[in-house]
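**Q** Can you read through this structure? Questions will come right after.
Quick note: the coordinates plus some simple rules give every number you see, no bench work behind them. What you are looking at is a predicted structure, and each value in this text was computed from that prediction instead of being measured. Counting neighbours? That spans all protein chains shown, and the Cβs are built from the backbone with ideal geometry, glycine included.
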Amino acid sequence: MTDDPVRRPAVEIAVTSPAGARAAIAGGADRVELCTALELGGLTPSGTMIRETVATGVPVHVLIRCRTGGFVYSSEEIGWMTDEAAGAVRAGAAGVVVGALHAHGRIDTPSLARITAGARTVDAGTQVTFHRAIDQLRDPAEHLDELAAAGVDRVLTSGGAPTVDQGLATIGTMLARGTGLEIQAGGAVTPGQLRRIVAVGVHGVHLSAKKPARQAWENPVSVGSADPGGAHYETDESLVREVVREVARIVRG
C-alpha cells in the first residue's frame, strides 16, 4: 500500500475468500477479517479457506462464530469455537474476532476467556477483536474496561446503532474512556461517511466493500430461507481503493 497505516486509521475489509483478500490488498487495505456467509453477518470459515487466505500475505483476522441467531452460546458451542480459534491461529491467522453474551445483557467473560485462551495457547501474540456483539448491549461504552481486563485488543462497533453513522456519539464516548482498546468503526460504512467517522478519532474502519456477483442461471432456485438464489458477493477492489484514499486524504487535511 502507498499510505502509512500509522498516519491514518487502519482499513479492514471483511472478505469471504482468498480472491477477496487479494482484491483488498490491491485496494490498499491494512488487514482483512475472513468469514463465510457474509450475508448472514458472517460465520467461521473452513481451515482450507483460512490457510489459502493467509497465503496471500495480508494479515488475516478470522471470525469465530459457529452459528447465526444471537451471541448467547451453550458450553458445547463455546467448546467448538475455542477449537476453531486455536485452529485458525495454527493456520496462520494473525488474530481472531469473537464475541459472547449472557442472556441478561452482559458480556460472557468466562466464555470469552476460554476462546481467547484457545487462540493464545497456540500463539501468545494473537490479537483478539470483540465484534459487534457489543452493539447488542444497552451501553457499549460501559463494558470496555471489562473487555480490556479480559485481554481484548480491539472492539468492532457501530456504537450500538444499526449503522456507524447513527452511533458516532457513542463511539466518541467509547474513545473517551481511554481504556487502551482500539476502537474500530464498522456497520454500513460508506465513503461519504468517512470524514465524520475519522473526525471522531477511531483507530480503524471496517467494511465489506462488496458488490453482487450474479451467476448466469436462467432459473435460480433458493435452497434455503436466507439464500439469495443465484447471487453472491465479491470484494470490490475499486471501492477498497476509494476508501483507503479518502481516509488518507482526510488525515492529510
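**Q** Could you tell me whether residue 51 is under 16 Å from the mean Cα position of the chain (by Cα) and charged (D, E, K, R)?
**A** So residue 51 fails the test.
**Q** Give all pairs with beta carbons closer than 6 Å in which a residue from segment 95-114 that is in contact (Cβ under 8 Å) with a residue 12 or more places away in the chain and of a type in the set (Asp, Glu) meets a residue that is surrounded by 13 or more Cβ atoms within 10 Å (Cβ to Cβ) and assigned to a strand (DSSP E or B); count only pairs at least 6 apart in sequence or on separate chains.
**A** 108/101
**Q** If you go through segment 31-71, how many residues are in a loop (DSSP other than H, G, I, E, B), touching a Lys or Arg at 6+ places or on another chain (Cβ under 7 Å), at negative phi and not hydrophobic (A, V, I, L, M, F, W, C)?
**A** 3
**Q** Among (1) surrounded by 21 or more Cβ atoms within 10 Å (Cβ to Cβ); (2) over 27 Å from residue 26 (Cα atoms); (3) in contact (Cβ under 8 Å) with a residue 40 or more places away in the chain; (4) out of contact with any His (no Cβ under 8 Å at 6 or more places or on another chain), which single condition is residue 131 missing?
**A** Going through the list (1) surrounded by 21 or more Cβ atoms within 10 Å (Cβ to Cβ); (2) over 27 Å from residue 26 (Cα atoms); (3) in contact (Cβ under 8 Å) with a residue 40 or more places away in the chain; (4) out of contact with any His (no Cβ under 8 Å at 6 or more places or on another chain), residue 131 breaks only (2).
**Q** Within the group 26, 19, which residue is in contact with a strand residue (DSSP E or B) (Cβ under 8 Å, 6 or more places away or on another chain), part of a helix (DSSP H, G or I) and over 30 Å from residue 136 (Cα atoms)?
**A** Residue meeting the stated conditions: 19.
**Q** When residues of segment 72-94 are filtered for being in contact (Cβ under 8 Å) with a residue 24 or more places away in the chain, among the small types (Gly, Ala, Ser) and part of a loop (DSSP other than H, G, I, E, B), how many remain?
**A** Counting residues in segment 72-94 that are in contact (Cβ under 8 Å) with a residue 24 or more places away in the chain, among the small types (Gly, Ala, Ser) and part of a loop (DSSP other than H, G, I, E, B) gives 4.
**Q** Same structure, new question: Within segment 49-67, can you find the residues that are surrounded by fewer than 19 Cβ atoms within 10 Å (Cβ to Cβ) and touching a residue at least 40 places away in the same chain (Cβ under 8 Å)?
**A** 51 - this is the single residue of segment 49-67 that is surrounded by fewer than 19 Cβ atoms within 10 Å (Cβ to Cβ) and touching a residue at least 40 places away in the same chain (Cβ under 8 Å).
**Q** Can we say residue 124 is of a type in the set (A, V, I, L, M, F, W, C), surrounded by fewer than 15 Cβ atoms within 10 Å (Cβ to Cβ) and in contact (Cβ under 8 Å) with a residue 12 or more places away in the chain?
**A** Judged against the criteria, residue 124 is not a match.
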